[in-house]
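The values are calculated or read from the model by the stated rules, or taken from the named source; none is laboratory data. What you see is a predicted model; the values in this text were computed from it and never measured. Note that each Cβ is placed from the backbone with ideal geometry, even for glycine, and that neighbours are counted across all protein chains shown.
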């Protein structure tokens, strides 16, 4: 059901909203009956906030479906992820602000470590520094400026992540990924999903071969895995749909790209990695300029993907220490949730619901006492789907008129 026309008709001015996304925050116990990462974390500030808030569970996309960060975030912004589809390559290109034109195809790449036999040993090449990434990207750009009649443009994203933009005639984003999503396997061959994509699939496979040749002397960053081939999409913006002047505060290009895609202004953030202080500074300095803020933290997801249970616990505790500073700004509506679960047990995204905390006026009595998966299941918000969050935030901020007579 397309509710955007309804929101366009009913939106009005109201209170300020702060949406905090702890990427991949949902987890699992390492052993049956044990604690999840949220349950193991010492979070006095979140615990106190939970006492004053309403909680529930949120399934980002659909029960049983493991969402990527793109669909997970779009749903949180109220965009049906089955209708508004975008590849990871486009999100990286938009987030980096590179030259990304109509007809281009963008691919998100991971630098990987391959064995001499071509088997993937590490899908993230040991998470190299961004500076090392830049060195290798420059090496590739000098060696592979073109493939056949197509320009090849390389860009550093962060750590093991990089971007390739292909520019030329007859390109299509209808190609499969080359990332096998696990170690011990060789990179996959890109396959064309239709006849129009055969040229692009051939070029992606050729690019993978050339990258391996150029990087054959590199000890760790000696291969590439590609996913999310995509052309430039066009989505309606949050100001058009919800009447919101919105800003995004994020460090990683993909999340900046997601925000940019729906018309949020991406604010500059000082610092490396999750840059807690830089994000807090950006929020404070721009607080009066916007109606809606999307504030993203990545490391909870990264630690989960690394299988680092206690590292993820520490990242949750780092956010907890920052929480009083967010509350001091006085948002009328504050939501804390995740775009998906990333249990350290699985070292990957999963289909499990994430907890949702809502601090706002006009809440009903709530039995939940902590921001954890188990406590959220007891909360008064019940169990929502991701696309149902934004209308709830707008309503609590007084930003929606009555529907119907």
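Data overview
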{"item": "Residues that are more than 24 Å from the chain's Cα centre (by Cα) and closer than 27 Å to residue 255 by Cα, drawn from the stretch 13-49", "result": "13, 14, 15, 45, 49"}
{"item": "Some residue of the stretch 9-23 being under 26 Å from residue 352 (Cβ atoms), in the same structural domain as residue 294 (by TED's automatic domain parsing), modelled with pLDDT of 95 or more and outside any strand (DSSP E or B)", "result": "yes"}
{"item": "Counted residues, the stretch 46-84 - those being free of Cβ contacts under 8 Å to residues at least 24 places away in the same chain and surrounded by fewer than 22 Cβ atoms within 10 Å (Cβ to Cβ)", "result": "2"}
{"item": "Test set (1) surrounded by fewer than 18 Cβ atoms within 10 Å (Cβ to Cβ); (2) at pLDDT 95 or above; (3) within 26 Å of the chain's Cα centre (by Cα) - residue 233 fails condition number", "result": "(2)"}
{"item": "Elements of type strands (runs of 3 or more DSSP E) contained in the stretch 313-405, each with 3 or more residues being surrounded by fewer than 18 Cβ atoms within 10 Å (Cβ to Cβ) and in contact with a strand residue (DSSP E or B) (Cβ under 8 Å, 6 or more places away or on another chain)", "result": "382-385"}
{"item": "The stretch 157-166, subset touching a strand residue (DSSP E or B) at 6+ places or on another chain (Cβ under 6 Å) and part of a strand (DSSP E or B), residue farthest from residue 129 (Cα to Cα)", "result": "166"}
{"item": "Filter result for residue 215 (surrounded by 23 or more Cβ atoms within 10 Å (Cβ to Cβ) and either farther than 30 Å from residue 80 by Cβ or free of Cβ contacts under 8 Å to residues at least 12 places away in the same chain (or both))", "result": "no"}
{"item": "Breaking point among (1) in the same structural domain as residue 348 (by TED's automatic domain parsing); (2) in contact with a helix residue (DSSP H, G or I) (Cβ under 6 Å, 6 or more places away or on another chain), for residue 277", "result": "(2)"}
{"item": "Count of the stretch 19-45 residues which are surrounded by 23 or more Cβ atoms within 10 Å (Cβ to Cβ) and closer than 30 Å to residue 289 by Cα", "result": "5"}
{"item": "Subset of the stretch 123-154 [free of Cβ contacts under 8 Å to residues at least 60 places away in the same chain and in a strand (DSSP E or B)]", "result": "146, 150, 151, 152, 153, 154"}
{"item": "Number of positions in the stretch 127-151 that are in contact with a strand residue (DSSP E or B) (Cβ under 6 Å, 6 or more places away or on another chain) and modelled with pLDDT under 95", "result": "1"}
{"item": "Residue among 402, 347, 365 that alone is in contact with a helix residue (DSSP H, G or I) (Cβ under 7 Å, 6 or more places away or on another chain) and either modelled with pLDDT of 95 or more or farther than 21 Å from residue 17 by Cβ (or both)", "result": "347"}
{"item": "Index of the failed condition, residue 55 passing every other in (1) modelled with pLDDT under 95; (2) in a strand (DSSP E or B)", "result": "(1)"}
{"item": "Odd one out for residue 108, checked against (1) in a loop (DSSP other than H, G, I, E, B); (2) in contact with a helix residue (DSSP H, G or I) (Cβ under 7 Å, 6 or more places away or on another chain)", "result": "(1)"}
{"item": "Some residue of the stretch 184-205 being under 22 Å from residue 129 (Cβ atoms), free of Cβ contacts under 8 Å to residues at least 60 places away in the same chain and surrounded by fewer than 17 Cβ atoms within 10 Å (Cβ to Cβ)", "result": "no"}
{"item": "Yes/no for residue 154 being modelled with pLDDT of 95 or more and crowded, with 18+ Cβ neighbours inside 10 Å", "result": "yes"}
{"item": "Residue within the stretch 133-147 that is closer than 19 Å to residue 106 by Cβ, buried (at least 19 other Cβ atoms within 10 Å of the Cβ) and touching a helix residue (DSSP H, G or I) at 6+ places or on another chain (Cβ under 8 Å) present", "result": "yes"}
